[in-house]
Structure formats: structure tokens, C-alpha cells
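J.: Below you will find the structure I want to go over with you.
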Amino acid sequence: MRFIVTGGAGFIGSSLVRFLINETTHTVLNIDKLTYAGNLDSLNSVKDNDRYSFSQIDICDRTELEKAFEKFDPDIVMHLAAESHVDRSIDGPSDFIHTNIIGTFNLLEISRNHHKNKDSFRFHHISTDEVYGDLTSTDAPFTEENSYQPSSPYSASKASSDHLVRAWGRTYKLPIIITNCSNNYGPFQFPEKLIPLVIQKALRGDKLPVYGTGQNIRDWLYVEDHAVALYKVVTEGKMGETYNIGGHNEKTNLEVVETICNILDKLIPKKPNAIKSYKELISFVTDRPGHDHRYAINASKIKKDLNWLPDETFETGIYKTVQWYLDNPAWSERILNGNYRQERLGMGK
């Protein structure tokens, strides 16, 4: 089959593209605007594969999107392109409204027209557990039946796009499917996110910032497990359904940071600034506005209906992640010094 993956140069998108090229025989067109978080370095291992191609397109540019659909003739669209960092959405929500809502609308309209001539077409919208709002420490985890109560401009824009997708499915009979995932982590994650940020700062001997008291809870999903789940959903899931994808790993932010420090204590015993443990670098900072207390995913539906469970525990996944960043310093360095953004033009094929 022919897959369009939007946002395929991003963290989750690039993991999905690598999976599709390395583990299946499908053909993939990666559509990505290449904002700050889009990094073609993450696709170096597949960029020369004959089944992979890349087009630098903004999903808000409907004309260019239509040309790509007409030329590539996709069987499946997996839509991951989004502005996704909560802190950035608080500082500047406009891009989130534009990309996550208008961009999704463009894809739905083009897909609706495309579907008229292709009965087997499917549209998979990849979303987040943040659309459900937050939980107390004693609340049951989110199910697919939870109402939406987004807290940030980011989660509100993703909730809006989810509603659009469902409306196009019901009104226009577009074959749609939605997944809502918990916090992803793993190789190739942009360094401003919690886990790679902590690793990089610890190695430099910088303070490790933790919001508030560090007791906010997230469910952590290893990104390569997520890619497998996404493929299983789009190829085996029931159209019109929603599936929650979780890692079965609830951890406080402080637990996550301390776990990284413990791993680094073992792997890098020679520490900066004469500290005895990387945990000495932990520094509590003013909490984020509207910071959700807890996210937790009930992923029993995808287990029951599609027989999917993550392979990685948090302990195995976080160790692999720390080791990957230690083994691949050049990948992070190219982001930190900005070089990855200077080599973007002329790389499509």
C-alpha cells in the first residue's frame, strides 16, 4: 500500500516512517514542513530506500497538498503533523491553532475528495491523551469514552482536530480512525522535551529543572512500541473507532529525572563539577501555568481488540534511551548548534 505520513520528520513520525520502511513492504511519502522540531537526520537510515520519498510541504498549504495527493495516490494517510509543545503553546498559541486545526481541515477535505475514487482509503489521525484533561491521583485512567477537557492551547487545538476528524467521518462517511497516546520517549526526541533535556543538561553539569515539586504524573510510552501500535491500528482497527495507546508506566516527573540520574551514575561515573551523583543537579522551578496533575491511559481496548501491548517496560525503555543519547552525541549537537536546519533544501526525491 501507499502511505502518506504527515509530520514524518518529527519524533513519533520518524519512528513510524522507519518502521514502515524497515519492517513492511509499503511505500511511504513523508510530508513535513520542517519546523524547528522536524529533523531529517532522524531518517538517514531510510532516506535512500526506493520506497521512501520526502516532500517539504506545510499542511496549511492546500494547493501543494492537493498536488502531492494527486501525484502519490495514497491508500492510507497517517496524520501526525502538529505543533506539540505545551510550553510553546502557552507562549504563542497562534501557530497551534493554525497548524493543528486548519491543517487538519485541509487534509480532511483533500482526503474526502480522494476517497471518492478509492474505496479502500483510510485516514488515521494521531492525537494525545492531553485532550481528556487531567486526573487526580485516585481517578481511574482515561478510557476512549472520557469527555474532553483540554487545559492548554496545545491540547485544546488537538481536541478541536479530533472533533473535526469524527465529524468528517460521520457527515461525509470518510473512513477515519483516531488514536490518543500517552507521553512518548525514546531515541531521536527533540532536546527540549523532558527526558533528552535532562540527559543533555546532566552531562554538562547544568541544573536539572523540575516543575513545582515534581509530583505531576505521566504515563510513558516507548516511541518504537507506539509505531508498532499505530501500524496495527491503521491496518487492523475498525474504521470510526478510537483507540487509546498507553505505555502502562505511570511515573512522577521527579521519578523520571531521578531514574535518568541513577542510570547516568552507572554509565558515566566520571561526573562534572565534582558532584557525587547527578541527582545533586535537580532544581525545582516555578510550576507551568495550568499544569495538569496526572495523565493515565486505560489501553485495555487495543489489547482486547487488536492484541497489542508494549514490549518495553519503563525500566528497559529508559535505559535504551539514555544509552542511545550517549552513543549518538552528534545527533543532539547538530540540533543544539542549529546545523540540522541549514541543510534542508533539496533533500526531497
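J.: Put 124, 26, 163 in order of accessible area, largest first, 1.4 Å probe: what do you get?
T.: Solvent-accessible surface, decreasing: 163, 26, 124.
J.: Size of the dipole of the stretch 63-209 about the Cα centre, Lys and Arg at +1 and Asp and Glu at -1 on the beta carbon, nothing else charged, in debye to 20? List each step's numbers first, then the result.
T.: Numbers: 15 positive and 20 negative charges, 55 e Å.
Here the size comes out at about 260 debye.
J.: Relative to the longest principal axis of the chain, what angle (0 to 90°, nearest 10) does the C-alpha long axis of helix 104-115 take?
T.: Its long axis makes an angle of about 40 degrees.
J.: With all protein chains present and a 1.4 Å probe, how do 270, 116 order by accessible area, largest first?
T.: 270, 116
J.: If you add up the charges near residue 305, with Lys and Arg at +1 and Asp and Glu at -1, over every other residue whose beta carbon is less than 9 angstrom from its beta carbon, what do you get?
T.: +2
J.: Accessible area of residue 235, 1.4 Å probe, to the nearest 10 Å²?
T.: Counting only protein heavy atoms, the figure is 40 Å².
J.: What accessible area, in Å² to the nearest ten, does a 1.4 Å probe give for residue 1?
T.: Approximately 80 Å² of residue 1 is accessible to the 1.4 Å probe.
J.: Let me ask something else about it. Given the whole protein assembly as supplied and a 1.4 Å probe, what does the accessible area of residue 164 come to in Å², nearest 10?
T.: Spelled out: residue 164, probe radius 1.4 Å, area about 40 Å².
J.: In addition: Can you give the helix-only mean residue ellipticity at 222 nm for the chain, where every DSSP H stretch with n ≥ 4 adds -39500 (n - 2.57) and the sum goes over all residues, rounded to the nearest 500 deg cm²/dmol?
T.: Details: 12 runs with 135 residues, N = 349.
Result for the chain: -12000 deg cm²/dmol, rounded to the nearest 500.
J.: Please give the charge dipole size of the stretch 1-140, origin at the Cα centre, charges +1 on K and R Cβ atoms and -1 on D and E Cβ atoms. Round to the nearest 20 debye.
T.: Dipole size: approximately 580 debye.
J.: Quick one: dipole size for the chain, taken about the Cα centre, charges +1 on Lys/Arg Cβ and -1 on Asp/Glu Cβ, in debye to the nearest 20. Working shown, then result.
T.: Working: 40 positive and 46 negative charges, 80 e Å.
I would put it at about 380 debye.
J.: While we're on this one: Which of the lysines could a cross-linker span from residue 251 if the Cα-Cα distance has to be under 19 Å and same-chain partners fewer than 8 positions apart are dropped?
T.: Within the straight-line limit of under 19 Å, residue 251 reaches these lysines: 193, 279, 320.
J.: In terms of solvent-accessible area of protein heavy atoms at a 1.4 angstrom probe, what is the ranking of 79, 293, highest value first?
T.: From most accessible down to least: 293, 79.
J.: Full extension from residue 241 to residue 22: what is 0.36 nm times the residue separation minus their Cα-Cα distance, to one decimal in nm?
T.: Value of the extension gain: 76.1 nm.
J.: Excluding same-chain residues fewer than 8 positions from residue 303, which aspartates and glutamates have a Cα within less than 19 Å of its Cα?
T.: Within reach: 129, 144, 145, 219, 224, 225, 236, 241, 250, 311, 312.
J.: For the stretch 273-325 and the stretch 127-178, write down the distance between their C-alpha centroids in whole Å.
T.: Centre-to-centre (Cα) distance: 22 Å.
J.: Run down the aspartates and glutamates and flag those whose C-alpha is under 15 Å from the C-alpha of residue 271, throwing out any fewer than 8 positions away in its chain.
T.: Residue 271 reaches 206, 280.
J.: Among 33/238; 47/118; 116/301; 33/71; 116/304, which pairs are too far apart, with a Cα-Cα distance over 24 Å?
T.: Table pairs above 24 Å Cα-Cα are 33/238; 47/118; 116/301; 116/304.
J.: So if we plug the beta-carbon distance of residue 67 and residue 140 into 1/(1 + (r/R0)^6) with R0 = 51 Å, what FRET efficiency do we get, rounded to 0.05?
T.: Working: r = 46 Å, r/R0 = 0.91.
Calculated value: 0.65.
J.: Taking 0.36 nm per residue of separation and subtracting the Cα-Cα distance, what length does fully extending residue 255 through residue 118 add?
T.: Going from the current span to full extension adds 44.5 nm.
J.: A further question follows. Quick one: compute the contact order of the stretch 1-157, relative version, from alpha carbon pairs under 8 angstrom and 6+ residues apart, as a percent.
T.: 23 percent
J.: Taking loop as defined by DSSP and a crowding limit of 16 other beta carbons within 10 Å, which chymotrypsin sites (Phe, Trp or Tyr not before Pro) in the stretch 1-99 fit?
T.: Numbers: sites: 3, 11, 19, 36, 52, 54, 69, 72, 96; in loops: 36.
Sites meeting the loop and neighbour criteria: 36.
J.: Follow-up question, since we're still on this one. If I take every Cα pair under 8 Å that is 6 or more residues apart in the stretch 12-60, average their sequence separation and divide by the length, what percent do I get for the relative contact order?
T.: Numbers: 52 pairs, mean separation 21.8, N = 49.
Once normalised by length, the contact order is 44 percent.
J.: Please report the relative contact order for the chain, taking Cα pairs under 8 Å with a sequence separation of at least 6, and give it as a percent rounded to a whole number.
T.: Reported relative contact order: 18 percent.
J.: If the stretch 78-181 were replaced by its equivalent ellipsoid, with semi-axes equal to the square roots of 5 times the Cα gyration tensor eigenvalues, what would those be, largest first, whole Å?
T.: 26, 17, 9
J.: Okay, next question. Please identify the longest segment of the chain free of exposed GluC sites (Glu not before Pro), where exposed means a DSSP state other than H, G, I, E or B and no more than 11 other Cβ atoms within 10 Å. Kindly include the intermediate steps, with their values, before the conclusion.
T.: Numbers: sites that count: 145, 343.
For GluC sites (Glu not before Pro) (loop position, at most 11 other Cβ atoms within 10 Å), the longest site-free span of the chain is 146-342.
The values are calculated or read from the model by the stated rules, or taken from the named source; none is laboratory data. Just so we're clear, the structure is a prediction, and the values are computed from it rather than from any experiment. Methodologically, a virtual Cβ is constructed for each residue, glycine included, from the backbone with ideal geometry; neighbour enumeration extends over all protein chains shown. Quick note on the areas: whole protein, heavy atoms, side chains included, nothing else; ligands and nucleic acids left out. Shrake-Rupley method; radii C 1.70, N 1.55, O 1.52, S 1.80 Å.
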